[in-house]
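Asks: Take a look at this one; I'll ask things after.
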Amino acid sequence: MLMNMKDLLAVAHTNHFAVPAFNISSNMLLTGVMEASEEKSSPVILAIHPAELAFVRPSFIKSAIEEAHKATVPVCIHLDHGSTLEQIMEAIQCGFTSVMMDASTLPLEQNIALCKKVVELAHPINVSVEGELGTIGTTGPEAEAGTDEIIYVNPKDVVTFVEATGVDTLAVAIGTAHGIYPKNKKPELKLELLKEITAKVDIPLVLHGGSANPDEEIAMAVKLGINKINISSDIKDAFYQKCRELLADPVIREPNAIYPPCIDAMKKVAHHKIDLFDAAGKATLY
Ligand SMILES: [Zn+2]
């Protein structure tokens, strides 16, 4: 069942769980994420970043849409970190049901103006919009973009932003960074800040950079009102660690021999995240 983000997260918001948004940028990751979600009866968000879209090409979205239509669980196809109106328009033309406009590094007024424009473009055609406030960190060049220093969201800006833009969901920077944390860098999730935000606005909130944070912190964030958590590095890491192991054999070369064990390895991580987010079995609520 293909849905937009607003309808998908409304159920999560009412029932206090978080839907995983897995970044998929290959057919193998799409297969693994769909299988894991169906096995756990969990709603799922297929997240694709503009750089990932450029790599897989728009025709890939047709496969994702077909998978979503035949799936037994609700599926949203979401543009992760769109940063220009051109990227947003391309995603909408490809058939995405949700887009993120990330103008979080711009001054608040410009962030509001851009997100408002995207809402005006997207809502009449039933596409949902995610905005971002504060800036999410990055852990290095292999991770998605972000700032070296995390700028925590200002709770006062949240009300202004949500009311002025009409966004359906909001990513809040509360201390996570994209990628996998190096040993000398410990994520510090400010859960008090999250409480302050949920006391002020009643829309589904999003946690980016959810890979490699301690499970207890993530579980607490879900209890406190996070309804979408982005996972990219953790599933890709599991997939390619397995891949490296298999490719030690110099003779192996058939994709259908190499990739199934890699898909199984990433599915284990996906299963764990679905349980951690309390999303298992929630497909029946739709
Ligand atoms: Zn992100």
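The values are calculated or read from the model by the stated rules, or taken from the named source; none is laboratory data. Please read these numbers as outputs of a predicted model, since none were measured by experiment. Here the Cβ is made from the backbone with ideal geometry for all residues, glycine too, and neighbour counts use every protein chain on show. Surface areas here come from the heavy atoms of the whole protein model, side chains and all, with no ligands, DNA or RNA. Shrake-Rupley method; radii C 1.70, N 1.55, O 1.52, S 1.80 Å.
Asks: Quick one: accessible area per residue over the chain, 1.4 Å probe, rounded to a whole number of Å²?
Replies: Working: 12550 Å² over 286 residues.
Accessible area per residue, the chain: 44 Å².
Asks: Sticking with this one: Is any residue of the stretch 197-221 close enough, with backbone N under 15 Å, to a label point placed 7 angstrom from the Cα of Glu163 along the Cα-Cβ axis, and if so, which?
Replies: 200-203
Asks: Give me the number: length gained by fully extending Glu86 to Leu106, i.e. 0.36 nm times residue separation minus the C-alpha to C-alpha distance, one decimal in nm.
Replies: Numbers: separation 20, 0.36 × 20 = 7.20 nm, distance 1.75 nm.
Taking Glu86 through Leu106 to full extension adds about 5.5 nm, to one decimal.
Asks: Once each part is reduced to its C-alpha centroid, what is the distance from the stretch 1-33 to the stretch 203-241 in angstrom?
Replies: Using only Cα atoms, the two centres lie 12 Å from each other.
Asks: Can you compute 3J(HN,Hα) from phi for each residue in the stretch 170-179, using the Karplus curve 6.51 cos²θ - 1.76 cosθ + 1.60 with θ = phi - 60°, rounded to whole Hz and x for Gly and Pro?
Replies: For the stretch 170-179, the Karplus curve yields 9, 7, 10, 7, 10, x, 8, 10, 5, x Hz.
Asks: Now for a separate question. Straight-line reach from Lys190: which aspartates and glutamates have Cα under 15 Å away, leaving out those fewer than 8 places along the same chain?
Replies: Output for Lys190: Glu149, Asp215, Glu216, Glu217.
Asks: Hey, which lysines would be in cross-link range of Lys62, C-alpha to C-alpha under 17 Å, not counting anything within fewer than 8 residues on its own chain?
Replies: Straight-distance partners of Lys62: Lys70.
Asks: Using the charge dipole of the chain (Lys, Arg: +1 at Cβ; Asp, Glu: -1 at Cβ; taken about the Cα centre), state which of Ala257, Ala10, Cys94 has its Cα farthest towards the positive end.
Replies: Result: Ala257.
Asks: Still on this model: Report the net charge of residues surrounding Ala164, where surrounding means a beta-carbon distance below 11 angstrom and charges are Lys +1, Arg +1, Asp -1, Glu -1.
Replies: So the environment of Ala164 carries a net charge of -2.
Asks: Hey, another quick one. Can you give me the relative contact order of the chain as a percent, contacts being Cα pairs under 8 Å and 6 or more apart?
Replies: Values: 578 pairs, mean separation 64.6, N = 286.
With pairs under 8 Å counted, the relative contact order is 23 percent.
Asks: Hey, another quick one. Using amide H atoms built in the peptide plane, which far-off residues or other-chain residues are under 5 Å from Val19 H to H?
Replies: Lys228, Ile229
Asks: Of Leu207, Val172, Ile231, which is farthest along the charge dipole of the stretch 143-260 in the positive direction, counting Lys and Arg as +1 and Asp and Glu as -1 at C-beta?
Replies: Among Leu207, Val172, Ile231, the one farthest towards the positive end of the dipole of the stretch 143-260 is Ile231.
Asks: Name the residues whose placed amide hydrogens come within less than 5 Å of the amide hydrogen of Ser128, ignoring near sequence neighbours (fewer than 5 apart) on the same chain.
Replies: HN-HN under 5 Å from Ser128: Met5, Lys6, Ser98, Val99.
Asks: Identify which of Val19, Val99, Val119 has the largest mean-square fluctuation in a Gaussian network model of the chain, with springs joining Cα atoms closer than 10 Å.
Replies: Comparing Val19, Val99, Val119 in the GNM, the peak value goes to Val119.
Asks: Provide the gained length on full extension for the span Leu247 to Met220, in nm with one decimal, where the gain is 0.36 nm per separating residue minus the Cα-Cα distance.
Replies: Working: separation 27, 0.36 × 27 = 9.72 nm, distance 3.87 nm.
Going from the current span to full extension adds 5.9 nm.
Asks: Here's another thing I want to ask about it. For the stretch 212-276, what % of the accessible area comes from carbon and sulfur atoms, probe 1.4 Å?
Replies: Values: 1870 of 3290 Å².
Result for the stretch 212-276: 57 percent of the exposed heavy-atom area is carbon or sulfur.
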